[in-house]
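The block underneath contains the structure these notes are about, expressed in C-alpha cells.
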Amino acid sequence: MYDIVAQEERYQLKTYKKFPFAIAKGEGSWVITTEGERYLDLYGGHAVVSTGHCHPHVVKAIQDQAATLLFYSNLVYHETRAKAAEMLAKAAPEGMDHVFFINSGAEANDNALKIARQLTKKSMILSFEGGFHGRTIATLSATGVPKYRDAIVPRMMEHLFAPFGDIEAVAALFAKHPIAGVMLEPIQSMAGVRMAEPSFYQGLRALCDQHDALLIYDEVQTGFGRTGGQMFFAPRAGVVPDLITLAKSIGSGVPMGALLVRDRCAAQIHYGDLGTTFGGGPLASAALKATLEVIEQENLLDHVARESAYLTEQLIGMDGVEKVLGLGFLMGVRFTKPAAQIQKQLLEHKIITGLSEDPHVMRLLPPLVLKREEIDLFLSVLIRCLSV
Ligand SMILES: Cc1ncc(COP(=O)(O)O)c(C=O)c1O
C-alpha cells in the first residue's frame, strides 16, 4: 500500500508538523481520513473552508468553469471575473468598492504596503506587536510575532511596532516619524485572539487622516463573515480603512487573495502600478463568486452570529474554561490548563482544533456552516476532556 505519511516526510520540506493521519475527503464540517475515520474540523483547514468542505454549489461552479476556461490572465476581459469583482465590491464597506485580485494573504498585504508607500511617497510602516501578516520578507517585516519575524534579519524595510490597543503609543510614533501606512489585524488571531476597544480603531483612523497615512486592515481572517453578522470587521467601530486585504476563506479553498480599495486611493492607482499573472483567474473567480452566493443564500452571517453566541454561552462557566475571546467563528477559548494538552485529547476524540501563541488559548476557526448538533458534539466531548 502507498505510504502517504512516509512519502510526504521524505519528499516535502519539513516545514510543518502534521496531524498523524492523511485526509482523503471532506464534506461540510467533516474530513474523512484514508482509514475512513471522520474528524470534526473546527479549524477549517486554517480558517479557509468558509462554506464547508466541498460545498456542492462551490464544487459545481469550479467544475463548470474548469470545463469552460481554466485560465487566462488580466490581459482579457472575462465574465466570471467581472461578476466576482462586482459581487465583492457590492459586499464591501461603503466607499471601498474597488478590487484587486491576487493569490494569497501575504501577497495581498505586500501589495497594500506597496500602495501605501507609492501613494504617500513615504516609506515607514507601523504595525503591532502580536500581529501576523504573512511569510514573505515584506510581510514578515510587518509581523509582530518574534518567532517568525526575527528569523529574517535585518528586516526588509523601515518599520515601527506599537503595542496593540495602545493609541497613545501610536500617536507618539506618528509625532516622531513620517509614516506611510498602519497595518493591523483587527482581531489578532495567532497572538491568542486579541481584540481592542472601538476607540483604538477610531483613533487609528484619526491619526492616519491627520498624518496622511493609509490605514490597512488585514482582514484575511476576520473578513467574509467569520466574525458573524457582518461581512467585514471594519464597520463595527464605524471605521472606513483605506485598504482591506483578504485571502484564506474567500475562495472556499481555491487559492485567492484580494484588496478592497477606498475610492480616494483607487483614483490614484493607474495602469501598470500593480500586476499579477494568476490573480483573478477564471477558476479562482468562480470559487469567489460561488462562495459569496452561498454566504448570501444560506444566510451565513446570521447563522454565525447565532451559533457562535450559543457556543460562547455554553463555554462560559464550564469548569476549566477561563474566558471566551474573539467574535463569531474566530473564537479563542482560554483554558486553565495548557491548550495543547486539550487539543491532543480532542484529537483523540476526532475533533480538530487550533492553537495560538498564547499557550492557554485554543483557536476555533470552523467552517461558517457549522451546525448546532456539531457544536453540541464538541461541547460534550470537551466536558469529558476537561474532567480527566
Ligand atoms: C491575518 C493573516 N494575514 C495574512 C496571512 C498570510 O496569508 P497567506 O498564508 O495566504 O499568505 C495570514 C495567514 O495565516 C493571516 O492569518
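Does Glu357 satisfy the criteria of being in a loop (DSSP other than H, G, I, E, B), open to solvent by 10 Å² or more (accessible area, probe 1.4 Å) and outside the structural domain of Phe101 (by TED's automatic domain parsing)?
Values: in a loop (DSSP other than H, G, I, E, B): yes; open to solvent by 10 Å² or more (accessible area, probe 1.4 Å): yes; outside the structural domain of Phe101 (by TED's automatic domain parsing): yes.
Yes, satisfied.
Looking across the stretch 143-184, the residues that are in contact with a helix residue (DSSP H, G or I) (Cβ under 7 Å, 6 or more places away or on another chain) and either assigned to a loop (DSSP other than H, G, I, E, B) or more than 18 Å from Leu204 (Cβ to Cβ) (or both) come down to Thr143, Tyr148, Arg149, Ile152, Arg155, Met156, Met157, Pro163, Gly165. Against the list (1) under 20 Å from Arg194 (Cβ atoms); (2) assigned to a helix (DSSP H, G or I); (3) within 21 Å of the chain's Cα centre (by Cα), the condition Ala340 fails is (3).
Looking across the stretch 202-221 at every residue that is of a type in the set (D, E, K, R) and within 16 Å of the ligand (Cβ to nearest atom), the one that is farthest from Val49 (Cα to Cα) is identified as Asp218.
In the set Leu301, Leu292, Leu283, only one residue is in contact (Cβ under 8 Å) with a residue 60 or more places away in the chain, open to solvent by 40 Å² or more (accessible area, probe 1.4 Å) and in a helix (DSSP H, G or I); that residue is Leu283.
Of note, Met156 does not satisfy the criterion of being of a type outside the set (Val, Ile, Thr) and open to solvent by less than 60 Å² (accessible area, probe 1.4 Å). May I ask you to list the residues in the stretch 60-79 that are surrounded by 15 or more Cβ atoms within 10 Å (Cβ to Cβ) and part of a helix (DSSP H, G or I)? The answer is Ala61, Ile62, Gln65.
Residue-by-condition table, conditions (1) open to solvent by less than 60 Å² (accessible area, probe 1.4 Å); (2) within 16 Å of the ligand (Cβ to nearest atom); (3) assigned to a strand (DSSP E or B):
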{"residue": "Val5", "(1), (2), (3)": "no, no, no"}
{"residue": "Tyr16", "(1), (2), (3)": "no, yes, no"}
{"residue": "Gly26", "(1), (2), (3)": "yes, no, yes"}
{"residue": "Val31", "(1), (2), (3)": "yes, no, yes"}
{"residue": "Glu35", "(1), (2), (3)": "no, no, no"}
{"residue": "Tyr39", "(1), (2), (3)": "yes, no, yes"}
{"residue": "Gly45", "(1), (2), (3)": "yes, yes, no"}
{"residue": "Thr51", "(1), (2), (3)": "yes, no, no"}
{"residue": "Val58", "(1), (2), (3)": "yes, no, no"}
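Can you tell me which residues in the stretch 87-110 are within 16 Å of the ligand (Cβ to nearest atom) and either part of a strand (DSSP E or B) or modelled with pLDDT under 95 (or both)? Break it down stepwise before answering.
First, the residues of the stretch 87-110 that are within 16 Å of the ligand (Cβ to nearest atom): 100-110.
Within the stretch 87-110, Phe100, Phe101, Ile102 meet the criteria.
Answer with yes or no whether Asp242 is open to solvent by less than 40 Å² (accessible area, probe 1.4 Å) and not hydrophobic (A, V, I, L, M, F, W, C). Before you say what the answer is, go through the steps one by one.
Values: open to solvent by less than 40 Å² (accessible area, probe 1.4 Å): yes; not hydrophobic (A, V, I, L, M, F, W, C): yes.
The answer is yes for Asp242.
Quick one: how many residues across the stretch 202-239 are assigned to a helix (DSSP H, G or I), open to solvent by 40 Å² or more (accessible area, probe 1.4 Å) and under 18 Å from Ala92 (Cα atoms)? Walk me through it before giving the result.
Pass one, the stretch 202-239, residues assigned to a helix (DSSP H, G or I): 202-210, 234-237.
Add one more test, that the residue is open to solvent by 40 Å² or more (accessible area, probe 1.4 Å), and what stays is 202, 206, 209-210, 235-236.
Pick out the ones that are also under 18 Å from Ala92 (Cα atoms) and you get 235-236.
Residues meeting the conditions: 2.
The values are calculated or read from the model by the stated rules, or taken from the named source; none is laboratory data. What you see is a predicted model; the values in this text were computed from it and never measured. Reconstructed Cβ throughout: ideal geometry from the backbone, glycine too, with neighbour counts over all protein chains shown. SASA here: full protein model, heavy atoms, side chains in, ligands and nucleic acids out. Shrake-Rupley method; radii C 1.70, N 1.55, O 1.52, S 1.80 Å.
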